[in-house]
1. Restrict the check to the range 46-66 and report whether at least one residue is part of a loop (DSSP other than H, G, I, E, B), closer than 12 Å to Ala150 by Cβ and modelled with pLDDT under 90.
2. Would you pick out the residues in the range 81-98 that are touching a residue at least 24 places away in the same chain (Cβ under 8 Å) and either in contact with a helix residue (DSSP H, G or I) (Cβ under 7 Å, 6 or more places away or on another chain) or part of a loop (DSSP other than H, G, I, E, B) (or both)?
3. Being buried (at least 19 other Cβ atoms within 10 Å of the Cβ) and among the basic types (Lys, Arg): is that true of Lys93 here?
4. Among what's in the range 156-185 and is assigned to a loop (DSSP other than H, G, I, E, B) and not aliphatic (A, V, I, L, M), pick the residue that is modelled with the lowest pLDDT.
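The values are calculated or read from the model by the stated rules, or taken from the named source; none is laboratory data. Being a predicted model, the structure only gives us computed values, none of them experimental. Ideal geometry is used to build each Cβ from the backbone, glycine not excepted, and the neighbour counts take in all protein chains shown.
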Amino acid sequence: CTSEPAPSPPARPGPTNAGPTSAVPTSAGPTSTGLTGTGLTGTGPTSAGGCTESVDQLGALPNGYHLVAGVIAVPDDQVLQLAPSGERDPAAKLFAKWGLVVRTGETVQVAVGDGWAGRVRVGWGNPGAPAASVRITACPTGSPPQTWTAFVGGTWVAAPACVPLLFRAGGRTAEVRLPIGLPCG
């Protein structure tokens with residue numbers, strides 16, 4: 001656990017211009033959300049090449065971030081601040097803005113944990129649209145391309161909670177419990 005606020009990657013205004021970014025712990029977790037065919041899946045906004053719109057490319061992981069599933073970096077365990085989202089979806093009433101960092105060249109999936117699809121949404125890109133599961137593709141930009149790609153977005157919730165998110169990449173799955181509006185544990 002980290003006691004100092006976690007810096008976030010540079011960010012454009014998020015989907016709702018909600019507040020600051022912060023924290024998350026990791027653990028192994030289940031691999032299925034049962035969301036196929038629910039209409040709750042999506043991708044971040046993409047360019048013509050199928051790449052999710054990113055905010056920055058980085059040569060190293062930002063301070064205050066740790067790896068999940070080998071190619072995804074999320075903030076450490078600070079409680080994420082909530083702000084009203086303005087969304088009509090009851091599961092997306094509040095928004096916690098935080099940056100997702102993905103190894104350049106990778107495609108990852110982020111999904112809400114089993115049993116949470118009615119209370120939580122995620123999204124990254126410019127703007128990220130709230131969904132129960134999203135696919136993010138981190139394409140290289142610039143010359144030379146950097147190791148990590150940063151995305152603006154975050155998590156929408158019906159109410160403050162310790163939210164399980166599933167991160168999938170390269171055949172690996174990891175569950176992260178995200179402290180949104182209140183601490184986990």
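1. No, every residue in the range 46-66 fails to be part of a loop (DSSP other than H, G, I, E, B), closer than 12 Å to Ala150 by Cβ and modelled with pLDDT under 90.
2. Residues satisfying the conditions are Gln81, Leu82, Ser85, Gly86, Glu87, Asp89, Lys93, Trp98.
3. Values: buried (at least 19 other Cβ atoms within 10 Å of the Cβ): no; among the basic types (Lys, Arg): yes.
Considered against the rule, which asks whether it is buried (at least 19 other Cβ atoms within 10 Å of the Cβ) and among the basic types (Lys, Arg), Lys93 comes out as no.
4. Checked the range 156-185; the qualifying residue modelled with the lowest pLDDT is Gly185.
Okay, residues lined up against (1) crowded, with 18+ Cβ neighbours inside 10 Å; (2) more than 20 Å from Glu175 (Cα to Cα); (3) of a type in the set (Val, Ile, Thr):
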site	(1), (2), (3)
Trp98	yes, no, no
Arg119	yes, no, no
Gly128	yes, yes, no
Ile136	yes, no, yes
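Here's the yes/no breakdown for (1) in a loop (DSSP other than H, G, I, E, B); (2) under 23 Å from Leu67 (Cβ atoms):
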| position | (1), (2) |
| --- | --- |
| Arg121 | no, no |
| Asn126 | yes, no |
| Ala129 | yes, no |
| Pro145 | yes, yes |
| Gly154 | no, yes |
